[in-house]
Amino acid sequence: MMRRLAWVVLCVAMSGSLRGDRPNFVILIADDLGYGETGMMGRDDVPTPAIDALAADGVRCTSAYVTSSYCAPSRAGFMTGRYQSRFGADDNPTGKRNLSADAGIPESETTFVKRLDDAGYRTALVGKWHCGTAPQRIPTRRGFDQFFGFLHEGHYYVPGPPYNDVLTMIRDKSLQQGTRTRTGDLIRGNYAPINEPPYDADNPLLISDESGKLNPVDVDVYLTDAITQQATKFIAQPSQDPFCLVVAYNAVHSPMQALLEDLSHLSRIEDVQRRIFAGMLIALDRSVGQIRQSLRDAGVDEQTMIVFLSDNGGPTKELTSSNGPLRDGKGSVYEGGLRVPMVWTYPGTFPAGRVEPRTVISLDVAATALDLAGLEVPADMDGRSLAQWFNDPLAKTPHHELFWRMPRGKAAFRKGDWKIVRPKAGEPFELYHLRADVAESKNLASQYPDVMKDLVNGWLATDSMMPE
């Protein structure tokens with residue numbers, strides 16, 4: 001408390017205007033939302049007016065990437081502003097593997113939120129963490145003053161079974177492939193590679209107390225709405241300090257559960273799997289609108305930078321989520337796994353209504369937030385501040401080269417418009433020219449051997465600087 005008070009006094013003495021000099025930050029993370037799945041990306045079968053309005057008021061990035069096509073490593077990169085391969089966090093722990101002391105972001109790394117917290121920001125994470133469950137790796141030990149949510153990779157949206165007030169569809173490999181069975185509001189189907197995991201096992205909903213301890217909490221509200229309620233509650237808290245709020249939804253990640261009330265407006269969608277997905281997405285979109293309204297109600301919308309992004313591409317078989325026109329999806333190093341929807345808004349600072357084709361990456365969120373907060377961007381950060389860059393449409397991309405390394409030998413490297421892809425261990429790299437072939441449909445490796453050699457050497461040089 002004394003540290004924060006001292007920082008506030010210093011800043012008032014220097015500038016006289018805390019909110020004017022240091023913006024708030026709201027980061028909205030969708031889970032498993034495909035690149036081509038919202039109205040702002042050209043899809044119109046599921047209404048997403050709030051997300052579309054956010055894009056209309058800001059910069060919609062059409063060549064935005066994450067650092068992995070799996071949840072945990074993507075979030076580790078985002079939180080630190082550094083490639084997670086630099087600190088050995090390429091794995092995506094699921095189930096009981098989340099309980100390992102080694103799972104998540106190691107203590108050697110500092111989140112950008114911790115840097116903001118040390119500089120006097122109020123900080124909170126609501127929703128999904130998936131960056132460690134060991135005592136030193138929980139959110140309230142990594143820079144967040146407040147936390148509500150869960151620590152593993154997923155969670156059911158309502159308590160159960162039985163799952164009341166929702167239509168549920170879960171994966172069941174005991175059924176014949178392609179078949180579904182329905183009992184009341186529970187559907188079982190063999191439509192994806194694995195059974196539905198027991199997401200809630202060893203993974204309660206938690207809320208922090210004043211000491212930072214995480215305590216179990218019972219929630220009887222649809223989880224997307226509960227996360228939004230906690231986010232708007234945080235925004236409404238009276239304070240003279242600026243804030244950083246990360247709202248990490250588990251929507252539209254499985255299990256597939258949508259409110260019956262939302263589904264009542266979607267009868268036009270014949271396929272029940274797609275209908276449930278649509279219900280989950282409109283709940284997410286409604287939440288985006290509610291959070292923006294809460295910023296207006298608090299009188300801070302003009303002083304707040306908002307970033308909306310997905311943590312990776314969508315798993316189409318599992319959710320029906322579209323990554324079009326990109327190839328493949330979650331878990332892949334093709335564009336459909338790594339390129340995501342992303343929007344930045346900051347009234348009066350970032351341009352409105354801009355469609356941005358230049359390459360950016362989720363690592364840039366950390367660097368941009370620190371820069372706008374008047375803090376030094378560490379030299380070892382891989383992210384770059386976009387604070388001034390967005391206003392210069394002629395400036396080169398801050399990322400001429402991008403690197404990906406994932407488990408099971410998956411790898412990719414982008415340099416300019418060229419990209420190499422190794423789908424898995426033991427397979428050769430493939431070569432694509434993304435400006436001419438964003439769908440990665442034509443492997444040009446044999447036609448451009450010199451380009452191929454240059455990019456493979458670039459990947460090897462970067463990989464050699466990463467720990468095993």
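Residues that are of a type in the set (Ser, Thr, Tyr) and either open to solvent by less than 70 Å² (accessible area, probe 1.4 Å) or touching a Ser or Thr at 6+ places or on another chain (Cβ under 8 Å) (or both) within segment 454-468 comprise just one, Thr462. Could you list all residues from segment 377-408 that are closer than 20 Å to Phe87 by Cβ and in a loop (DSSP other than H, G, I, E, B)? Residues satisfying the conditions are Val377, Pro378, Ala379, Asp380, Met381, Asp382, Gly383, Arg384, His399, Met406, Pro407, Arg408.
Here's the yes/no breakdown for (1) under 21 Å from Ala248 (Cβ atoms); (2) open to solvent by 50 Å² or more (accessible area, probe 1.4 Å); (3) modelled with pLDDT of 95 or more; (4) part of a helix (DSSP H, G or I):
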{"site": "Val8", "(1), (2), (3), (4)": "no, no, no, yes"}
{"site": "Cys11", "(1), (2), (3), (4)": "no, no, no, yes"}
{"site": "Ile27", "(1), (2), (3), (4)": "yes, no, yes, no"}
{"site": "Leu33", "(1), (2), (3), (4)": "yes, no, yes, no"}
{"site": "Gly36", "(1), (2), (3), (4)": "no, no, yes, no"}
{"site": "Asp44", "(1), (2), (3), (4)": "no, yes, no, no"}
{"site": "Ala50", "(1), (2), (3), (4)": "yes, no, yes, yes"}
{"site": "Ser68", "(1), (2), (3), (4)": "yes, no, yes, no"}
{"site": "Arg75", "(1), (2), (3), (4)": "yes, no, yes, yes"}
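Could you please let me know if Leu295 is touching a Leu at 6+ places or on another chain (Cβ under 7 Å) and farther than 14 Å from Asp31 by Cα?
Considered against the rule, which asks whether it is touching a Leu at 6+ places or on another chain (Cβ under 7 Å) and farther than 14 Å from Asp31 by Cα, Leu295 comes out as no.
In segment 343-391, of all residues being acidic (Asp, Glu) and open to solvent by 10 Å² or more (accessible area, probe 1.4 Å), the one that is farthest from the chain's Cα centre (by Cα) corresponds to Glu376. Pro193 passes every criterion in (1) at pLDDT 95 or above; (2) on the phi < 0 side of the Ramachandran plot apart from (1). The set of residues from segment 435-453 being assigned to a helix (DSSP H, G or I) and surrounded by 15 or more Cβ atoms within 10 Å (Cβ to Cβ) comprises Val451, Met452.
Which members of segment 207-228 meet the condition of being out of contact with any Ser or Thr (no Cβ under 9 Å at 6 or more places or on another chain) and closer than 28 Å to Asp165 by Cα?
Those that are out of contact with any Ser or Thr (no Cβ under 9 Å at 6 or more places or on another chain) and closer than 28 Å to Asp165 by Cα: Ile207, Pro216, Val217, Asp218, Val219, Asp220, Val221, Tyr222, Leu223, Ala226.
For segment 454-468, a residue qualifies if it is part of a helix (DSSP H, G or I) and among the acidic types (Asp, Glu), and the qualifying residues are Asp454, Asp463. Within segment 392-416, the set of residues being surrounded by fewer than 14 Cβ atoms within 10 Å (Cβ to Cβ) and of a type in the set (D, E, K, R) comprises Asp392, Lys396, Arg408.
Being over 14 Å from the mean Cα position of the chain (by Cα) and either of a type in the set (Val, Ile, Thr) or in a loop (DSSP other than H, G, I, E, B) (or both) is the filter here; which residues of segment 77-91 pass it? The answer is Arg82, Tyr83, Gly88, Ala89, Asp90, Asp91.
Among the residues of segment 422-434, those that are closer than 17 Å to Ser63 by Cα and either open to solvent by 20 Å² or more (accessible area, probe 1.4 Å) or not in a loop (DSSP other than H, G, I, E, B) (or both) comprise Tyr432, His433. Being without any contact (Cβ under 8 Å) to a residue 24 or more places away in the chain and acidic (Asp, Glu) is the filter here; which residues of segment 396-422 pass it? Once the filter is applied, which keeps residues that are without any contact (Cβ under 8 Å) to a residue 24 or more places away in the chain and acidic (Asp, Glu), segment 396-422 yields only Asp417. On inspection, Arg142 fails the criterion of being under 19 Å from the mean Cα position of the chain (by Cα), at pLDDT 95 or above and under 30 Å from Leu434 (Cβ atoms).
The values are calculated or read from the model by the stated rules, or taken from the named source; none is laboratory data. Just so we're clear, the structure is a prediction, and the values are computed from it rather than from any experiment. Quick reminder, even Gly has a Cβ in these numbers, built from the backbone with ideal geometry, and neighbours come from all protein chains shown. Ligands, DNA and RNA are excluded from the accessible area calculation, which covers all protein heavy atoms including side chains. Shrake-Rupley method; radii C 1.70, N 1.55, O 1.52, S 1.80 Å.
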